[in-house]
Structure formats: C-alpha cells, structure tokens
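Each remark here refers to the structure printed beneath this line.
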Amino acid sequence: PGEGPPDAEILFIGEGPGFHENQQGRPFVGAAGRLLDELLEKIGLKRSEVFITNIVKCRPPSNRDPEPQEIEACSDYLDRQIQAINPKVIVTLGRFSMNRYLPNAKISEIHGQAMNVKGRTIVAMYHPAAALHQRSLMPALEADFRKLPELIAAAADLPEYEPPEQGDDPKQLSLF
Ligand code: URA
C-alpha cells in the first residue's frame with residue numbers, strides 16, 4: 001500500500017513497485033528511492049514525515065509501464081488512501097500518476113507548478129528514476145522539491161485548475 005503517517009501533509013504517488021520494492025513490500029527502496037530520500041532531506045523533510053505510494057500496487061512484470069486496466073484496477077484503492085490520508089499536497093512522480101489528475105498535460109511544461117484539481121493541490125514532478133537515467137532533468141527535479149515547503153503553505157488558496165482541451169496551447173493552462 002505504501003508507507004507513511006496516516007495524516008501526512010504530503011503524499012507522493014510514484015508509478016509502481018520495482019524489483020526491490022516487491023521484495024520488501026515497501027515503496028521507493030531502490031536507487032530511485034535513495035534519490036527521493038536525498039531530495040526530501042535537502043528540503044528538511046524526513047521520509048517518515050511523508051506518505052509514499054504508487055499508482056499501481058503490484059509490480060508490472062519486467063518493470064514495463066503499467067497498463068491502463070492495471071491503473072484502473074488500483075484506482076479505487078488509491079482513491080480511498082487519499083481520502084483517508086487527506087494530504088494538503090499530492091506530488092505525482094512521473095507521467096502515470098500525473099495523468100491521473102492532468103490527462104492532457106505534458107510533464108516538461110507543468111512540472112513544479114501547483115494546481116487545484118477538484119479541490120486538491122497537485123504538483124507534478126519528474127520521476128526520480130527518470131532523473132537518474134537522464135541527468136539533465138536533475139536540476140529541474142531539485143528545483144521543484146525546493147518549492148514544496150512554499151507550495152504546502154499556499155495550498156489552500158489555489159484557484160481551480162481548468163483542464164486544457166486536446167491541442168490547446170499548453171501555455172494557456174490556468175496555473176498557479
Ligand atoms: N519507482 C516507483 O515508481 N515506485 C516505487 O515504489 C519504486 C520505484
């Protein structure tokens with residue numbers, strides 16, 4: 001299910017368990033997890049203060065992308081987790097969890113920007129594994145993490161996000 005305090009202010013949603021996560025039954029314990037821990041530490045947050053979970057709860061074979069029906073199958077479970085935790089801010093890591101809230105958005109254009117989606121504050125960020133594979137994404141990921149404390153403080157005052165129509169100029173997104 002993930003791990004963290006049941007009343008965490010921040011919820012991180014990754015993609016799905018990998019090999020090590022599957023072995024240990026804990027989220028983000030491999031290389032991407034170590035980077036996540038470092039990013040949190042740099043902004044003065046301990047891993048034990050945030051809730052970390054995934055969009056799919058079972059490991060996709062050979063770490064392939066989760067399929068739409070797998071995401072759908074886990075969706076109610078995640079909904080109920082979010083209801084129970086009721087976080088102030090949800091950080092999506094990677095495009096699969098971003099797509100749950102922002103189906104037409106491009107991560108390269110909206111990462112690090114807080115949006116109010118159906119009353120919840122969502123901030124999309126690059127997946128730590130993506131930044132490990134493509135080092136050029138690391139500065140953006142670090143900068144987005146640095147914004148988190150401020151975004152948490154501002155979370156209550158966001159205007160409602162208006163989803164773009166397919167093909168809209170992404171610069172027209174109504175962003176915070
Ligand atoms: N990547 C994810 O998306 N989730 C994990 O739990 C580990 C790696």
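Of note:
- Looking only at residues in region 35-59 that are more than 16 Å from the chain's Cα centre (by Cα) and within 13 Å of the ligand (Cβ to nearest atom), the one that is surrounded by the most Cβ atoms within 10 Å (Cβ to Cβ) is R59.
- Every condition in (1) assigned to a loop (DSSP other than H, G, I, E, B); (2) among the charged types (D, E, K, R); (3) touching a Phe, Trp or Tyr at 6+ places or on another chain (Cβ under 9 Å) is met by R34 except one, and the failing one is (1).
- Each residue in region 117-142 was checked for being surrounded by fewer than 21 Cβ atoms within 10 Å (Cβ to Cβ), in a strand (DSSP E or B) and either at pLDDT 95 or above or within 15 Å of the ligand (Cβ to nearest atom) (or both), and 0 of them qualify.
- For region 38-55, the condition holds for no residue, the condition being that it is modelled with pLDDT under 95, charged (D, E, K, R) and within 16 Å of L151 (Cβ to Cβ).
- Selection within region 76-87 - part of a helix (DSSP H, G or I) and either more than 16 Å from the ligand (Cβ to nearest atom) or in contact with a Lys or Arg (Cβ under 6 Å, 6 or more places away or on another chain) (or both): D76, D79, R80, I82, Q83, A84, I85
- Selected residue (only one of I71, I90 is outside any loop (DSSP other than H, G, I, E, B), within 30 Å of A143 (Cβ to Cβ), at pLDDT 95 or above and within 13 Å of the chain's Cα centre (by Cα)): I90
- Annotation: of all residues in region 1-28 being hydrophobic (A, V, I, L, M, F, W, C) and not in a loop (DSSP other than H, G, I, E, B), the one that is surrounded by the fewest Cβ atoms within 10 Å (Cβ to Cβ) is F19.
- Members of region 17-34 that are within 9 Å of the ligand (Cβ to nearest atom) and at positive phi: F28
- For region 66-108, taking the residues that are free of Cβ contacts under 8 Å to residues at least 40 places away in the same chain and touching a helix residue (DSSP H, G or I) at 6+ places or on another chain (Cβ under 9 Å), the one that is surrounded by the most Cβ atoms within 10 Å (Cβ to Cβ) is identified as M98.
The values are calculated or read from the model by the stated rules, or taken from the named source; none is laboratory data. Note that this is a predicted model, so its numbers are computed, not measured. Using ideal geometry, Cβ is built from the backbone for each residue, glycine included, and neighbour counts are taken over all protein chains shown.
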